[in-house]
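Below is one structure, written out as structure tokens, with a few remarks after it.
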Amino acid sequence: MGLFTQDLHSLQSLVDEHATLRGRFITSTNLRVDGTIEGDIEAADLPQGPQSSVVVGATGRVLGDIRAYRVLVAGQVDGHIYATEKVILEKGSRIRGDITYESLEVQQPITHQGMLISRVKGVEAVNL
């Protein structure tokens with residue numbers, strides 16, 4: 001999986017492919033999910049630090065909403081994605097939920113059921 005910014009090379013939190021976490025996950029660091037999270041993810045920004053990113057790897061599953069500065073999905077998300085800056089949907093990713101973003105990159109083919117909501121010029125919605 002290609003990483004989309006240099007800060008993702010220094011992921012501090014990892015849910016490996018053999019792990020399942022149930023409940024709300026709150027972090028102020030970058031997070032990579034190769035296992036399963038059943039609950040919402042909030043990657044909060046530190047006041048004087050870099051913005052946090054969430055990567056859902058090819059074997060990763062998130063059953064809940066994701067809130068972060070940047071979000072990259074190669075696996076599966078059943079929930080809404082709220083990215084302050086950028087969302088990347090890699091080839092083979094599967095998303096069931098709305099995606100709110102400032103910048104969006106899609107590497108076809110993907111599966112997406114939901115709305116795309118651009119934050120660039122107010123709120124614009126495109127129903128797929």
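The values are calculated or read from the model by the stated rules, or taken from the named source; none is laboratory data. Values in this document were obtained by computation on a predicted structure and should not be read as measured data. FYI the Cβ positions are ideal-geometry reconstructions off the backbone, even for glycines, and counts take in every protein chain you see.
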The one condition VAL71 fails out of (1) crowded, with 24+ Cβ neighbours inside 10 Å; (2) in contact with a Phe, Trp or Tyr (Cβ under 7 Å, 6 or more places away or on another chain) is (2)
Just checking, does segment 93-100 include any residue being surrounded by fewer than 16 Cβ atoms within 10 Å (Cβ to Cβ), in contact with a Lys or Arg (Cβ under 8 Å, 6 or more places away or on another chain) and more than 26 Å from HIS18 (Cβ to Cβ)? no
For a quick check of your reading of the model, give me the residue pairs whose first member lies in segment 13-30 and is closer than 14 Å to GLY57 by Cβ, whose second is surrounded by fewer than 15 Cβ atoms within 10 Å (Cβ to Cβ) and modelled with pLDDT under 90, with beta-carbon atoms closer than 8 Å and at least 6 apart or on different chains. ASN30/SER10; ASN30/GLN12
Of all residues making up segment 65-80, the number that are without any contact (Cβ under 8 Å) to a residue 40 or more places away in the chain and part of a loop (DSSP other than H, G, I, E, B): 3
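So that you can scan it fast, the table gives a plain yes or no per residue for (1) modelled with pLDDT of 95 or more; (2) surrounded by 15 or more Cβ atoms within 10 Å (Cβ to Cβ):
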position: SER28; (1), (2): no, yes
position: LEU31; (1), (2): no, yes
position: ASP40; (1), (2): yes, yes
position: ASP45; (1), (2): no, no
position: GLN51; (1), (2): no, yes
position: GLY79; (1), (2): yes, yes
position: GLU105; (1), (2): yes, no
position: HIS112; (1), (2): yes, yes
Given (1) surrounded by fewer than 24 Cβ atoms within 10 Å (Cβ to Cβ); (2) within 12 Å of the chain's Cα centre (by Cα); (3) farther than 16 Å from GLN12 by Cβ; (4) modelled with pLDDT of 95 or more, number of the condition THR84 does not satisfy: (4)
Among the residues of segment 53-65, is there at least one that is surrounded by 15 or more Cβ atoms within 10 Å (Cβ to Cβ), modelled with pLDDT of 95 or more, among the hydrophobic types (A, V, I, L, M, F, W, C) and farther than 14 Å from ILE41 by Cα? yes
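Could you list, in sequence order, the residues of segment 27-46 that are closer than 11 Å to ILE66 by Cβ and part of a loop (DSSP other than H, G, I, E, B)?
Initially, segment 27-46 is screened for residues closer than 11 Å to ILE66 by Cβ, giving 31, 33, 37, 39-43.
The answer is GLY39, ASP40.
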